[in-house]
1. If the requirement is being free of Cβ contacts under 8 Å to residues at least 60 places away in the same chain and within 17 Å of residue 321 (Cβ to Cβ), which of these qualifies: 147, 197, 214?
2. Select from the range 113-133 the residues that are assigned to a helix (DSSP H, G or I) and touching a strand residue (DSSP E or B) at 6+ places or on another chain (Cβ under 9 Å) and write down the one among them that is nearest to residue 71 (Cα to Cα).
3. Does the range 247-267 contain any residue that is farther than 30 Å from residue 122 by Cα, modelled with pLDDT of 85 or more, out of contact with any helix residue (DSSP H, G or I) (no Cβ under 6 Å at 6 or more places or on another chain) and surrounded by fewer than 19 Cβ atoms within 10 Å (Cβ to Cβ)?
4. Could you say whether any residue in the range 297-311 is more than 18 Å from residue 147 (Cα to Cα), touching a helix residue (DSSP H, G or I) at 6+ places or on another chain (Cβ under 7 Å) and in contact (Cβ under 8 Å) with a residue 12 or more places away in the chain?
5. Checking the conditions here, which among 236, 283, 229 is more than 13 Å from residue 170 (Cβ to Cβ), at pLDDT 80 or above and crowded, with 24+ Cβ neighbours inside 10 Å?
6. Of all residues in the range 340-377, count the ones that are more than 15 Å from residue 235 (Cα to Cα) and part of a loop (DSSP other than H, G, I, E, B).
7. Report yes if some residue within the range 145-155 is modelled with pLDDT of 85 or more, surrounded by fewer than 17 Cβ atoms within 10 Å (Cβ to Cβ) and within 23 Å of residue 294 (Cα to Cα); otherwise report no.
8. Just checking, how many residues over the range 172-194 are surrounded by fewer than 21 Cβ atoms within 10 Å (Cβ to Cβ) and free of Cβ contacts under 8 Å to residues at least 60 places away in the same chain?
């Protein structure tokens, strides 16, 4: 009502029609107000409204309006409620910025997605690992890689990385003290320390059981010497929760292990050392080739949104590593890990057959020399190693 009164002199002076001076001043006031609106429009607009107007006028805004189906494959290395919460939060933020586009998140298995695609029922965006059927991968559209990516695209640009896992060496200080072993220094164990530790505590080393490439991370890093690498490769596997509770003194795992250590407030004190030399697989995004150009452009905009600075900073809630180097982490426990992986790391991506071969080698307790040789050979013969 107030706006109407300001802009309508007769309404503003209603009930005082006999008073000419009142109506005159009302007209003058309205004229001055209109001049202010024309000359200084920013006085009556908030920063938020300016951003909204700018977004609407942006030339890059997709012309599509309607729903976008975002499918999350639930069998991920970090396939937890945190991942779903992060994705739904990003979808809500995208909807606020891109008016008229309504993304919805559906969680399903890879088998369900494969069946849907075979029937011609394709979603718009898929978040998955690299383990997808070739027939499904062929339905994804290649995307141009942004220059800031620190992790590689896969399958000729059909899978774009959203976040990745780094590997860490976790040193459980209280657990070592309990077995009469002094913790190593800030740079990790060396051969002399490893020999002494294993004499006092033969089960001092462990591996995260869900981290298939943890032994490879130990073998390929420059942080550990050869004897320590071999000891870790031969170690038993434990769940991240067991490792966090101090089951062993020294362990290698992904950022999932680091999260378990941080989340378990009763866990012993620990030191986490990033292991450069190998990046673990993380989460990838793909746009389905639906044949609808405007809809695919909106889906591509959603993938780009997952790569913006705000979204990449938010991957700290996943305890993962962003795929761009120009973001900072608000979580102190992840700072060193983010800095270590701020430059591109070699990424080993195994297909199903190679995963089986690697798992069989680990199950047979193959010697570290054999594991290293297998890695070196595999890298030369189609092992999808991308720098």
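The values are calculated or read from the model by the stated rules, or taken from the named source; none is laboratory data. All values derive from a computational prediction rather than experimental measurement. As a convention, Cβ positions derive from the backbone with ideal geometry for all residues, glycine included, and neighbour counts pool all protein chains shown.
1. On the way: 147 fails: within 17 Å of residue 321 (Cβ to Cβ); 197 fails: within 17 Å of residue 321 (Cβ to Cβ).
Selected residue: 214, the only one of 147, 197, 214 that is free of Cβ contacts under 8 Å to residues at least 60 places away in the same chain and within 17 Å of residue 321 (Cβ to Cβ).
2. We begin by selecting, within the range 113-133, every residue assigned to a helix (DSSP H, G or I); these are 113-118.
So of that shortlist, the ones also touching a strand residue (DSSP E or B) at 6+ places or on another chain (Cβ under 9 Å) come out as 113, 116-117.
Values: 113: 8, 116: 11, 117: 12 Å.
Ranking the qualifying residues of the range 113-133, first place goes to 113.
3. The answer is yes, given that some residue of the range 247-267 is farther than 30 Å from residue 122 by Cα, modelled with pLDDT of 85 or more, out of contact with any helix residue (DSSP H, G or I) (no Cβ under 6 Å at 6 or more places or on another chain) and surrounded by fewer than 19 Cβ atoms within 10 Å (Cβ to Cβ).
4. Of the residues in the range 297-311, the ones more than 18 Å from residue 147 (Cα to Cα) are 297-299.
Of the ones still in play, those that are also touching a helix residue (DSSP H, G or I) at 6+ places or on another chain (Cβ under 7 Å) are none.
The answer is no; no qualifying residue exists.
5. Result: 283 is the single residue among 236, 283, 229 that is more than 13 Å from residue 170 (Cβ to Cβ), at pLDDT 80 or above and crowded, with 24+ Cβ neighbours inside 10 Å.
6. Counting residues in the range 340-377 that are more than 15 Å from residue 235 (Cα to Cα) and part of a loop (DSSP other than H, G, I, E, B) gives 8.
7. Within the range 145-155 (the criterion being modelled with pLDDT of 85 or more, surrounded by fewer than 17 Cβ atoms within 10 Å (Cβ to Cβ) and within 23 Å of residue 294 (Cα to Cα)), the answer is yes, since at least one residue qualifies.
8. Residues in the range 172-194 being surrounded by fewer than 21 Cβ atoms within 10 Å (Cβ to Cβ) and free of Cβ contacts under 8 Å to residues at least 60 places away in the same chain: 8 in total.
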